[in-house]
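The values are calculated or read from the model by the stated rules, or taken from the named source; none is laboratory data. Keep in mind it's a predicted model, so treat the numbers as computed, not measured. No Cβ is skipped: glycine too gets one built from the backbone with ideal geometry, and neighbour counts run over all protein chains shown.
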Amino acid sequence: MQLGTALMAPRSVLVLLFITLILLVLELEAQTDYTITSFSSEVSFGTETLYSCSVHVVENVEYAFHGSYSTVSRAVPYGVADDIPSSLVKVEVLTPNYNVSSTSIDPKKFSFDIVSTFYPATPSGVTTTIKIRRSYIAKGPVTRDDKQHNVVTYYYKEACDVSNLNVSFVFDSSLNLNSNNLTAMSGGLVYGTTVMFYKSFSSSNDEFIPYVTFPIRSQFSSCAAPTTLVALILVIVACVLAVVTTAVIINVAYIKIFLKVGEKASEGRNLLEH
């Protein structure tokens, strides 16, 4: 009897160890996280957008998904864009063997959300790199300051680490501008009619607010009445939370954000919504 009990004890320990190992593996597979290894944003001002005081935005975002993901989201607040026409939104996956199944504009309480679902979902338990390209027109963000300068501003506040953020403002030749007409703030570098900004985020609390001023052009004179406030275009990586094989979006939205030229935006805050 004592011998049988002694033999059963090691077996019980082995069973418990085996169960613990299985639970640990399942937990590791269920863990999800992501970072952004590269984020490039190009905002262009061309003849095709001048009629509506709009800008054309193209974003290339490279995600490192740690776990299962199948949805990405992009929030643009109402205080930034009057409209984002859904017919002019295009989202594609540049990574082979992945495709976008749907893209929609989802009006939230404070923002337009560009929501895209891709397939297949990234596998659990491993890190998968996915590159997304997003192109859209934002209507209504162009304005001017009280010194009679046109101003264009972007606002970045990421929900995760970003290793490499590149932002470019590209001014069309129809505006008849040169490097002497463009004043870049926030460390921007002027190359002809293109202004470049470079930044890395190591914390979700980091923010980056680059902007460029230039002499008012007739094409933009009717876009907005003179004001001391500069409307912001929000470029943000929407936080995506995936649990095992079910992806849940945590949208990072912002209340209407405005910025006096040369001052720091103070009213923007994260609003995480499931």
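Side notes on the structure shown:
- Close pairs (8 angstrom Cβ cut-off, 6 or more residues apart or separate chains): more than 22 Å from residue 196 (Cβ to Cβ) in region 136-155, in a loop (DSSP other than H, G, I, E, B) and of a type in the set (Asp, Glu) anywhere: 139/82; 140/82
Listed here are the residues, each with its yes/no results for (1) in a loop (DSSP other than H, G, I, E, B); (2) at pLDDT 80 or above; (3) among the aromatic types (Phe, Trp, Tyr).
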| residue | (1), (2), (3) |
| --- | --- |
| 132 | no, yes, no |
| 155 | no, no, yes |
| 166 | no, yes, no |
| 180 | yes, yes, no |
| 214 | no, yes, yes |
| 223 | yes, no, no |
| 230 | no, no, no |
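- Restricting region 77-110 to residues that are polar (S, T, N, Q) and assigned to a loop (DSSP other than H, G, I, E, B), the residue that is surrounded by the fewest Cβ atoms within 10 Å (Cβ to Cβ): 97
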